[in-house]
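Structure first, then comments.
The values are calculated or read from the model by the stated rules, or taken from the named source; none is laboratory data. Keep in mind the model is a prediction, meaning the values are calculated, not measured. Counting neighbours? That spans all protein chains shown, and the Cβs are built from the backbone with ideal geometry, glycine included. Only protein heavy atoms, including side chains, enter the accessible area calculation; ligands, DNA and RNA are left aside. Shrake-Rupley method; radii C 1.70, N 1.55, O 1.52, S 1.80 Å.
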Amino acid sequence: MVIVYRSNTGFTKQYAEMLAKAEKLKVYPFAEAQGRVEPGEKVFFMGPLMAGHISGIDQAVKKFSVTGACGVGMSPATRQVLDTLTKANYVPNAPIFYLQGGWAPKKVGWLKRRMVGMATKSMRESLRDKGSRRTPEEEAQYQMLLQGGSFVAFENLETIREWMKEL
Ligand SMILES: Cc1cc2nc3c(=O)[nH]c(=O)nc-3n(C[C@H](O)[C@H](O)[C@H](O)COP(=O)(O)O)c2cc1C
């Protein structure tokens, strides 16, 4: 198996490289994967979430034998996020995983920044209204929404690594 990824602001890249190192797998950005991935080789695809869709998954499924896929987004990893992701990103015979990456407003253009700003407005407001009643997790999420931040952590890869070992 090899890892192929797409990444706009670097969070998915970090996860892909960490996972490759831990599992001793080769890792390629999507743009460089063609011609390097052997025909028929199994691919674990990782891409950033954009409006609920794993960026690049359609092209990856067309080009490679994708046996697992992972979306990297800004929301905390909950059952609900994973269920929505699984419904919106069907890959034949492949499980879908989710990892919380982060938010890098300075690395995206103004239009995308605005789109995310609008999509997260109600969440920001409800967290703001909680004030000092925010839990530490909510506080971290609130600060990330306001100014950007990273939740990339090696421990988050545990479920994917377990799955890879059982393949
Ligand atoms: C236009 C746009 C749409 C996004 N939509 C979602 C989304 O639906 N769900 C989510 O959790 N994160 C969403 N995000 C946040 C990114 O998925 C998140 O920042 C991710 O970690 C980026 O990964 P990357 O650094 O590899 O590009 C969106 C970001 C942008 C710019």
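Kindly list the number of the only condition in (1) open to solvent by 60 Å² or more (accessible area, probe 1.4 Å); (2) among the basic types (Lys, Arg); (3) within 16 Å of the chain's Cα centre (by Cα) that fails for Arg161.
Evaluating Arg161 over (1) open to solvent by 60 Å² or more (accessible area, probe 1.4 Å); (2) among the basic types (Lys, Arg); (3) within 16 Å of the chain's Cα centre (by Cα) leaves (1) as the failure.
For a quick check of your reading of the model, give me the residue pairs whose first member lies in segment 154-167 and is in contact (Cβ under 8 Å) with a residue 24 or more places away in the chain, whose second is open to solvent by less than 60 Å² (accessible area, probe 1.4 Å), with beta-carbon atoms closer than 6 Å and at least 6 apart or on different chains.
Qualifying pairs under 6 Å: Phe154/Met18; Asn156/Leu99; Leu157/Leu19; Ile160/Phe97; Met164/Glu23.
Among the residues of segment 54-106, which ones are over 20 Å from Pro29 (Cα atoms), touching a residue at least 40 places away in the same chain (Cβ under 8 Å) and either of a type in the set (Asp, Glu) or part of a helix (DSSP H, G or I) (or both)?
Pro105, Lys106
Of all residues in segment 135-158, count the ones that are among the hydrophobic types (A, V, I, L, M, F, W, C), more than 14 Å from the chain's Cα centre (by Cα) and open to solvent by less than 50 Å² (accessible area, probe 1.4 Å).
Step one: of segment 135-158, the residues among the hydrophobic types (A, V, I, L, M, F, W, C) are 140, 144-146, 151-154, 157.
Next, from what is left, pick out any that are more than 14 Å from the chain's Cα centre (by Cα): 140, 144-146.
Then drop every residue that is not open to solvent by less than 50 Å² (accessible area, probe 1.4 Å), which leaves 140, 144-145.
So the count comes out to 3.
So how many residues does segment 1-28 have that are within 16 Å of the ligand (Cβ to nearest atom) and free of Cβ contacts under 8 Å to residues at least 12 places away in the same chain? Let's see the steps before the verdict.
Taking segment 1-28 first, the residues within 16 Å of the ligand (Cβ to nearest atom) are 3-20, 27-28.
Applying the additional criterion that residues be free of Cβ contacts under 8 Å to residues at least 12 places away in the same chain yields 17.
Residues in segment 1-28 being within 16 Å of the ligand (Cβ to nearest atom) and free of Cβ contacts under 8 Å to residues at least 12 places away in the same chain: 1 in total.
From Ala31, Ala88, grab the single residue that is surrounded by fewer than 17 Cβ atoms within 10 Å (Cβ to Cβ), aliphatic (A, V, I, L, M), within 11 Å of the ligand (Cβ to nearest atom) and over 17 Å from Ser150 (Cβ atoms). Please lay out each step first, then the result.
Values: Ala31 fails: within 11 Å of the ligand (Cβ to nearest atom).
Selected residue: Ala88, the only one of Ala31, Ala88 that is surrounded by fewer than 17 Cβ atoms within 10 Å (Cβ to Cβ), aliphatic (A, V, I, L, M), within 11 Å of the ligand (Cβ to nearest atom) and over 17 Å from Ser150 (Cβ atoms).
Looking at Gly56, Gly35, Gly68, which is the one that is assigned by TED's automatic domain parsing to the domain that holds Asn156 and over 19 Å from Phe11 (Cα atoms)?
Gly35
With respect to the numbered conditions (1) open to solvent by less than 40 Å² (accessible area, probe 1.4 Å); (2) within 13 Å of the ligand (Cβ to nearest atom), which one is the sole condition not fulfilled by Lys107?
Single failed check for Lys107: (1).
Examine segment 63-83 for a residue that is open to solvent by less than 60 Å² (accessible area, probe 1.4 Å), among the polar types (S, T, N, Q) and away from the ligand (no atom under 14 Å from the Cβ), and state whether such a residue exists.
yes
Here is a yes/no grid of residues against (1) over 21 Å from Leu167 (Cα atoms); (2) over 11 Å from the mean Cα position of the chain (by Cα); (3) surrounded by 15 or more Cβ atoms within 10 Å (Cβ to Cβ):
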site: Lys13; (1), (2), (3): yes, no, yes
site: Lys24; (1), (2), (3): no, yes, no
site: Val43; (1), (2), (3): no, yes, yes
site: Met46; (1), (2), (3): no, no, yes
site: Leu49; (1), (2), (3): yes, no, yes
